[in-house]
Amino acid sequence: MKQGIRDQCTTPMMVAAVAASLVFQMGCTSSPAVNPAPQTKAATQPPKAGVGTTKTGGDGKAATKGKDAGSATDNTQTLDNLVNPWLKRPEIQHSFVGVEVMELPSGKVLFSSNGNRRFAPASTTKIITCACAYSTLGAGFTYSTKLFAEGNTANDTILGDLVLMPGQDPSLSRDDLAQLLSSVNKRKIRKVNGTLKLAPTPGGNDDFESSWLIEDFGQEYSPVASNLVIDRNIAEGITPLRGSRTVIQHGNDCTNALERSLLNSEVAAGWLTYVPSGHELRGFIGNGVTEKSPLPVSDPDEYNTALALDILQGQGVTVSRTEGGGNADILIAEHLSQPLPIILKHTLHKSDNLYSQQLLRTLGLPAPSKDGKPAKPQASAALEDIGLARIGHWLNSIGVPSQEAVMFDGCGLSRKNGISPHALNTVLKFMAGPKVDGSFLGLLRESGTATRKGQFFFKTGSMDTVRSISGVLGTAGGQQLAVTIIINDHTQNIKNLGGTLTELISLLNEITSINFVMSKPNQPSEEKVVIQMTKPSPGGVSYGRHPRTRTRRRRH
C-alpha cells in the first residue's frame, strides 16, 4: 500500500478565492487514460415511505411536508440542475471530474458525479493522514526527543557515548536541539570520552518516497523524511561544520547522469549531503540555486547528527568522536513538542509535505509499553508502510470502502494515490461528529462568517494537472454539507481552476433549504433533491470560456 504526487499543495490563490467568495456572499493513482463520462446519481438513501417531500433544516433533522413543498419558484430547483451546468464548464470538459455533496450528520449523499471513482487527490490526502493521527494518537499527544548518556560520569567527563533518541518530531528546530544539548553543560560535563550518535529506529530510514517524481528531489516542498528532523530537514545555505571539509558540485561536475540532469535542468534543484566516513559536507548546486539558498538535506539522519555534534562542541564540550560504548542508560534531558493539534494545524494550513510524512511514520511506530518505554517492534517493515496499513485499517473502521482509498504516501505528492470524493467526505463526516462540531474541523482552513451559516472548513490540493477541494460547508440555511471536488487531467494552461472550484462551493453556500421529493410511491430511484436558494440560481447559464494563459508550475 503506497502512493505519491508533485503537490503544488494549497495555492494561496485558491485559498484566497474560497475566503473571498464566502465572505462576500455571507455579509498540491493517476486517472485512467480514457476518462469516462460523468456518472451522476441522486440521493443514496430513500426517504420515508409515501409520496411527498422531506425537508432538512439547519439542525439536520427531517420534517415531512405536503406534496407541494417543492413547487417551483424562481429560487427553487433540483440539486442536479444546480450542479450539472457547472460540470459542463468549458475549462473542465476534457478533464476527469468527481463531485460529491453529502448531508451531515446523516451521511446521506445528495449529489454524486463520479463520487466513488478514485482520483489523484493532491494535498487533500493530508485530511486522511491528519484525521487518522488525531483520532488514534489523541489531542494530548506530544513528540519526545531524548538525550541519554551510555556511560557513567566521572568528574566532568562522560565515560561513554551520548545518544540522541529521536521521536519523528517534524517540528524540532535547531534552537530546540541546542537547548536540549545545553543540558550537558548544565550538568557541568565538559568532555565526552565517546561520540554523539543517533539511537536506531527499526523501520526508520531516510525516505524520499519512491513513487514521487525525480524532479521533486532537491526541492523545498519535498524534503526527505527521517528519524531526527531539524528545521524541516532544510539547511539555510551551506554552513561549514567543525572538523569537516566542504565540497561544492555543480551539474557538469557530476559523473552521475541523474544528478547531472537534475542540476542542469530548469527545476532549480539543489541539496546538501554529509559523508561521515570522510567528514565531508557536499553541496549540490543547480541552475537558479546558490550556496546561500535553502537546501534540502538528502541524508538527514547523518547530517543532523553531525549538526548536533557541531552544536555541542560550540557549547564548549569536547567530544572524542570515537565510540566509547558504556553500560549505563542515563537520561540527561528531554524535549517535548507542542501538542498534536498544533502540529496538525500547521500541516493542514501550510500543506507541509514533510510534516505529513513524519505523521505517517509516527503512525507506523509501535505503541509504548505499559512502563512508558518505547516498545520493540516485531518486524522491520518501513515505518511508512506500517503507517499506511494503519491508515487503511482506520479507514475501513469508519466505513470507507478499501477500494476507494489507495495511498502510497501521507502527503499527496505521489501521483499513484487514488482517493474518491466519497472517501474524503466519509472521513469528514466521522471527524465532524453527530453534531457537526468536532474539534478536528477547527484545524482545517476556515472561511466565511463567524456563525455556522456560511462557514467553510476546508483543505485544497494542487499540482500540475490536479485541483481539489474538500471540506464541511455551512449553507445560508444552516444545513451542514461535506463537499469534495477533484479535477484530474486538466489542461495546464488553464490559469485558475481554483476559481472554478470555488464557484461551485459558492453556489452550494446559497442553499437555504433541502427537500427530498419522491415522485413515485416506493421507488427510491425516483427521489429528487429539491433546494431553495437565497436568490435565483444560474441554472442553465452558459458559462464563458476561461482565458487560456501560460503559467509557471508551482511547487510547494
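The values are calculated or read from the model by the stated rules, or taken from the named source; none is laboratory data. Owing to the predicted nature of the structure, the values given are computational and were not obtained by experimental measurement. Cβ coordinates were reconstructed from backbone atoms using ideal geometry, including for glycine residues, and neighbour counts include every protein chain displayed.
Overview of values
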quantity: So GLU100, is it buried (at least 19 other Cβ atoms within 10 Å of the Cβ), more than 21 Å from SER420 (Cβ to Cβ) and outside the structural domain of ASP206 (by TED's automatic domain parsing); calculated: no
quantity: Boolean, SER222 is among the small types (Gly, Ala, Ser), in a helix (DSSP H, G or I) and either more than 26 Å from ARG361 (Cβ to Cβ) or in the same structural domain as PHE148 (by TED's automatic domain parsing) (or both); calculated: no
quantity: Odd one out for ASN488 among (1) within 23 Å of HIS422 (Cβ to Cβ); (2) in contact with a helix residue (DSSP H, G or I) (Cβ under 8 Å, 6 or more places away or on another chain); (3) at pLDDT 95 or above; calculated: (2)
quantity: Verdict on GLU334 being of a type in the set (Asp, Glu), more than 30 Å from VAL275 (Cβ to Cβ) and surrounded by fewer than 24 Cβ atoms within 10 Å (Cβ to Cβ); calculated: yes
quantity: Some residue of region 329-337 being out of contact with any strand residue (DSSP E or B) (no Cβ under 9 Å at 6 or more places or on another chain) and assigned by TED's automatic domain parsing to the domain that holds ASP161; calculated: no
quantity: From the options THR451, THR460, residue that is over 15 Å from the mean Cα position of the chain (by Cα) and either modelled with pLDDT of 95 or more or farther than 20 Å from LEU348 by Cα (or both); calculated: THR451
quantity: Residue pairs meeting the criteria (Cβ under 8 Å; at least 6 apart or on separate chains; first at pLDDT below 95, in region 377-402; second among the charged types (D, E, K, R) and in a helix (DSSP H, G or I)); calculated: none
quantity: So ARG260, is it farther than 19 Å from TYR355 by Cα, in contact with an Asp or Glu (Cβ under 6 Å, 6 or more places away or on another chain) and not hydrophobic (A, V, I, L, M, F, W, C); calculated: no
quantity: In region 275-292, residue surrounded by the fewest Cβ atoms within 10 Å (Cβ to Cβ) [restricted to those that are among the charged types (D, E, K, R) and within 15 Å of LEU307 (Cα to Cα)]; calculated: GLU280
quantity: Number of the condition not met by ASN227 [criteria: (1) assigned to a loop (DSSP other than H, G, I, E, B); (2) buried (at least 17 other Cβ atoms within 10 Å of the Cβ); (3) more than 28 Å from the chain's Cα centre (by Cα); (4) among the polar types (S, T, N, Q)]; calculated: (3)
quantity: Residues of region 361-376 that turn out to be modelled with pLDDT of 95 or more and either of a type outside the set (A, V, I, L, M) or in contact with a His (Cβ under 9 Å, 6 or more places away or on another chain) (or both), as a count; calculated: 3
quantity: Filtered residue count, region 113-165, keeping only those that are in contact with a strand residue (DSSP E or B) (Cβ under 9 Å, 6 or more places away or on another chain), among the hydrophobic types (A, V, I, L, M, F, W, C) and assigned to a strand (DSSP E or B); calculated: 9
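Residue-wise test of (1) buried (at least 24 other Cβ atoms within 10 Å of the Cβ); (2) assigned to a loop (DSSP other than H, G, I, E, B).
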{"site": "TRP394", "(1), (2)": "no, no"}
{"site": "GLY399", "(1), (2)": "no, yes"}
{"site": "GLN403", "(1), (2)": "no, no"}
{"site": "CYS411", "(1), (2)": "yes, yes"}
{"site": "SER414", "(1), (2)": "yes, yes"}
{"site": "LEU428", "(1), (2)": "yes, no"}
{"site": "PRO434", "(1), (2)": "no, yes"}
{"site": "ASP437", "(1), (2)": "no, yes"}
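The rows are residues; the columns are (1) at pLDDT 95 or above; (2) surrounded by fewer than 18 Cβ atoms within 10 Å (Cβ to Cβ); (3) in the same structural domain as ILE158 (by TED's automatic domain parsing).
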site: ALA178; (1), (2), (3): yes, yes, yes
site: ASN185; (1), (2), (3): no, yes, yes
site: PRO200; (1), (2), (3): no, yes, yes
site: LEU258; (1), (2), (3): no, yes, yes
site: THR273; (1), (2), (3): yes, no, yes
